[in-house]
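**Q** Structure provided below as structure tokens; questions to follow.
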Amino acid sequence: MAYIQLPEGLPGIRGPMAFRPETAKPMNVLAEILLRDDNNTLTRGERELIGTYVSYLNDCFFCQNVHGALAGHYMQCDIQFIDDIKTNFQSSPISDKIKTLLAIAGSVQKSGKSVTAEQINKAKTAGATDREIHDTVLIAAAFCMFNRYVDGLNTWAPSDRQVYVQRAAMRAEEGYVDFDLYK
């Protein structure tokens, strides 16, 4: 049960966002820009994967499953593949560039000061641009906020992970700015 009275039937972040739509709007705009903007050299799937990984590290069930399902949708893979990346991305068949960016995201999850010059240099050597590094850090920082928002209010989430997978295509179509919070 949520710690405060939230609108009924809205899982995860959707309940708090419906509770305070005026604060939801800028958070959704930020998510839209970071995760869906087409003017980005990281794919939507890669950006969702970064958010998924940080949510996994933060143990935020709702966010890691919503965004993991979206990453799987965009990357055209199943949830097991995403789970394997979350638990051991270094041995996953993903690009070295994404591996270095996930390492940076993992450091941001601990503390911004945990990011090292060596990590940045490895990412650049693997082909990451300054913009990709910037966006990785910002996605990781934003997801720390989103995860803490969801879990700090003790929101509920469907425990059946297939719910997230089944809704991923609709979420991908809706995006973050224009979806109806009361669906």
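**Q** How big is the dipole moment of the chain about its Cα centre under a simple scheme where the beta carbon of each Lys and Arg is +1, that of each Asp and Glu is -1, and everything else is neutral? Debye, nearest 20, please. Before the final figure, lay out each step's value.
**A** On the way: 19 positive and 22 negative charges, 78 e Å.
Charge dipole, the chain, about its Cα centre: 380 debye, nearest 20.
**Q** Name the residue from Ile79, Leu138, Gln64 whose Cα lies farthest towards the positive end of the charge dipole of segment 1-148, charges +1 on Cβ of Lys and Arg and -1 on Cβ of Asp and Glu.
**A** The listed residue farthest towards the positive side: Leu138.
**Q** Under a cut-off of 29 Å between alpha-carbon atoms, report the lysines in cross-link reach of Lys110, not counting same-chain residues fewer than 8 places apart.
**A** Cα-Cα hits under 29 Å: Lys25, Lys86, Lys97, Lys99, Lys122, Lys124.
**Q** Let me ask you something else. Take each uninterrupted DSSP H stretch in the chain, measure its Cα extent along the helix axis, and return the ones at 15 Å or beyond whose mean Kyte-Doolittle hydropathy is at least -1.0. Walk me through the numbers on the way to the answer.
**A** Working: long enough: 21-36 (21 Å, 0.17); 44-57 (20 Å, -0.33); 61-75 (20 Å, 0.41); 96-110 (22 Å, 0.25); 130-152 (32 Å, 0.20); 161-174 (20 Å, -0.94).
Span-like helices, by this rule, are 21-36, 44-57, 61-75, 96-110, 130-152, 161-174.
**Q** Apply the a/c threshold of 1.5 to the C-alpha gyration tensor of the chain and tell me whether it is rounded, prolate or oblate.
**A** On the way: a/c = 1.72, a/b = 1.57, b/c = 1.09.
Prolate shape, in that a/c is at least 1.5 and a/b is the bigger ratio.
**Q** Please arrange Arg131, Arg167, Arg47 by how many other C-beta atoms lie within 10 Å of their C-beta, fewest to most. Present the calculation step by step, with values, prior to reporting the outcome.
**A** Numbers: Arg131 12, Arg167 17, Arg47 25.
Fewest-to-most Cβ neighbours within 10 Å comes out as Arg131, Arg167, Arg47.
**Q** Now a separate question. Give the calculated FRET efficiency between Leu153 and Lys124 to the nearest 0.05, with a Förster radius of 35 Å applied to their Cβ-Cβ distance. Could the numbers behind the result be given before it?
**A** Details: r = 38 Å, r/R0 = 1.10.
Computed FRET efficiency for Leu153 and Lys124 comes out at 0.35.
**Q** Add +1 for every Lys or Arg and -1 for every Asp or Glu among the other residues with Cβ under 14 Å from the Cβ of Ser91, and state the total.
**A** Working: positive: Lys86, Lys99; negative: Asp83, Asp84, Asp96.
Taking every Cβ under 14 Å from that of Ser91, the sum is -1.
**Q** Nearest 500 deg cm²/dmol is fine: what mean residue ellipticity at 222 nm does the chain get from its DSSP H runs of n ≥ 4 alone, each adding -39,500 (n - 2.57), divided by its residue count?
**A** Numbers: 9 runs with 122 residues, N = 183.
After summing the helix terms and dividing by residue count, I get -21500 deg cm²/dmol.
**Q** Every cysteine in the chain with no other Cys Cβ under 4.7 Å from its Cβ, please list them in numeric order.
**A** Taking the Cβ cut-off of 4.7 Å, the unpaired cysteines of the chain are Cys77, Cys144.
Bear in mind these aren't lab numbers, they're just calculated from the coordinates by the rules spelled out. It should be emphasised that the depicted structure is a prediction, and the values quoted were computed from it without experimental measurement. All Cβ positions, glycine included, derive from the backbone under ideal geometry; neighbour counts span all protein chains shown.
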